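First comes the structure, then the notes that go with it.
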Amino acid sequence: MLAQIQRYTTTSAAGVGMAALRAALADRKSGLRPNDFDGCDLDTWIGRVPGLGDVELPEHLAHLDSRNNRLAWLGLQQDGMLDAVRAAADRLGGHRIGIVMGTSTSSIGFTEVGYRHLDEHDRMPSEYQAPDVQNLHGPGLFVAAATGIRGPCLTISTACSSSAKVFATGARWLRCGLVDAVLVGGADSLCLNTLYGFNSLQLLSPEPCRPSSRDRQGINIGEAAGYALIGRSGVFEDADLALLGYGESSDAWHMSHPHPEGKGALAAMDQALAGAGLEPEAIGYINLHGTASKANDAVENVAIDQRFGPSTRVSSTKGWTGHALGAAGILEAVIALDALAEQRIPGTLNTTEVDPEFAFPVQLDNSPASLRFVMNNSFGFGGNNATLVFGRNDA
């Protein structure tokens, strides 16, 4: 066991907090909607967090205001996470808890608005001159300010694997004794940069995304925030779940295309299995990266078919949430953890017929399952791959 998992939460288009997410998964109700993001005229669907526009930061955090930080704040308040972190800090000492956040764009949406208000000298107004917001480390700085944690603080940005890699970094900090517990998480919000950027790559779908479908047309961009409080063995007596293994690789095949044989993905999965001391058949469920792009889904299926057999079921949950980019790792890690806790596997929403060229079967319907070990895959641009293996403490 690399780390105990004391608590987890996530907020996305599928709902604010775990109760809303569980209800959306059970009812097979997607959070995707036709694109209505301010200033964006693209014909696509998005995963927008409900009510985010009404969120206000408390006065002591107002100087850090941005859409991304409001999302991080909203997520931090769910499922007792903020109270649990503060209780752990009181017990262990704030300096003995670390923070590792993942993001791909941080608060670039705030910067976009600032550029639209340049003065006659091409300078941003003073209210947009906020170095702790316009900063790739912004999510880490914000969470440290919001929680009062005084331990080491890091923000990881490796595209769509960012907030999966937070678990690996947190586990290494625990192993070397740097801290006793780590708040790991991620936050990535909708912005024009990513919407128009992915459109320029011809990756956006004009319809709700259909992962693994024979007629999939591309991805839907979403936003999310999520957290998990992890600790070294014995720190949390009420922890039922654990991080057992992680794998990280970089195939560096192409800036935006995975290796056609899935070499990087396979290397990450193999490392995670080896770290957990498990054979592939022990994994009962894999939450796929499963973006609904032509290349990603096909390559991930190729990699999984090389290693796993019929005892392992796989699905993608992006039909509920969209692709939350730098927050996809924590969002889908939490979904995998909750599948383990609830003993129920989510299917693949919006997909009715799996690509007939896929060798490995993809589960479409929700189903109960007897799970001991689950896996989560997060694969990013540039071949930045991360795989996590979770299990029950008693397993």
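The values are calculated or read from the model by the stated rules, or taken from the named source; none is laboratory data. Small disclaimer: the values here were computed from a predicted structure and weren't measured. Note that we place each Cβ from the backbone using ideal geometry, even for glycine, and neighbour counts take in every protein chain shown. With ligands, DNA and RNA removed, areas are computed over all heavy atoms of the protein, side chains included. Shrake-Rupley method; radii C 1.70, N 1.55, O 1.52, S 1.80 Å.
Tabulated results
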| item | result |
| --- | --- |
| Charge dipole magnitude, Cβ of K and R +1, D and E -1 - the range 272-350, Cα centre, debye nearest 20 | 160 |
| Pairs of alpha carbons in the range 233-379 whose separation is greater than 19 Å (percent) | 51 |
| At least 18 Å along the helix axis (C-alpha) and Kyte average at least -0.5, DSSP helices within the chain | 162-175, 263-276, 328-342 |
| Debye log10 I(q)/I(0) for the range 317-395, one point scatterer per Cα, at q = 0.25 Å⁻¹ | -1.33 |
| Volume per residue of the C-alpha convex hull in the range 168-303, rounded to whole Å³ | 154 |
| Centroid-to-centroid separation of the range 243-265 and the range 323-351 [C-alpha atoms, Å] | 20 |
| Accessible area (Å², 1.4 Å probe, nearest 10) - L388 | 0 |
| The range 138-234: trypsin sites (Lys or Arg not before Pro) in DSSP loop, at most 13 other beta carbons within 10 Å | R214 |
| Hull-based mean projected area of the chain, where the convex hull spans the alpha carbons, in square nanometres | 18.0 |
| Solvent-accessible heavy-atom area per residue, rounded to whole Å², over the range 306-395 at 1.4 Å | 31 |
| Solvent-accessible area per residue, Å², over the range 1-104 with all protein chains present [probe radius 1.4 Å] | 42 |
| Those GluC sites (Glu not before Pro) in the range 306-394 that DSSP places in a loop and that have at most 13 other beta carbons within 10 Å | E353, E357 |
| Heavy-atom surface of the range 226-276, accessible at 1.4 Å and reported per residue (Å²) | 43 |
| Surface/4 of the Cα convex hull for the range 1-137, nm² | 11.6 |
| Relative contact order, percent, the chain [alpha-carbon distance under 8 Å, six or more residues apart] | 23 |
| Shape call, the range 2-71: gyration tensor on alpha carbons, a/c limit 1.5 | oblate |
| Accessible surface of the range 213-284 [probe 1.4 Å, protein heavy atoms]: carbon and sulfur percent | 48 |
| Cα shape, the range 70-216, gyration tensor, a/c 1.5 rule | oblate |
| Radius 10 Å from Cβ of Y8, net charge of other residues (Lys, Arg +1; Asp, Glu -1) | -1 |
| Neighbour cut-off at most 10 other Cβ (10 Å), DSSP loop, GluC sites (Glu not before Pro), the range 61-135 | E120 |
| For T147, solvent-accessible area (1.4 Å; no DNA, RNA or ligand), Å² | 20 |
| Sulfur and carbon atoms: percent of accessible area, the range 80-210 [1.4 Å] | 51 |
| Net charge dipole size for the range 298-394 [Lys, Arg +1 and Asp, Glu -1 on Cβ; Debye, nearest 20] | 280 |
| Inter-centroid distance (Cα atoms) of the range 357-378 relative to the range 198-221, Å | 21 |
| Theoretical gain in end-to-end length, S367 to A26 [0.36 nm per residue, Cα-Cα removed] | 121.8 nm |
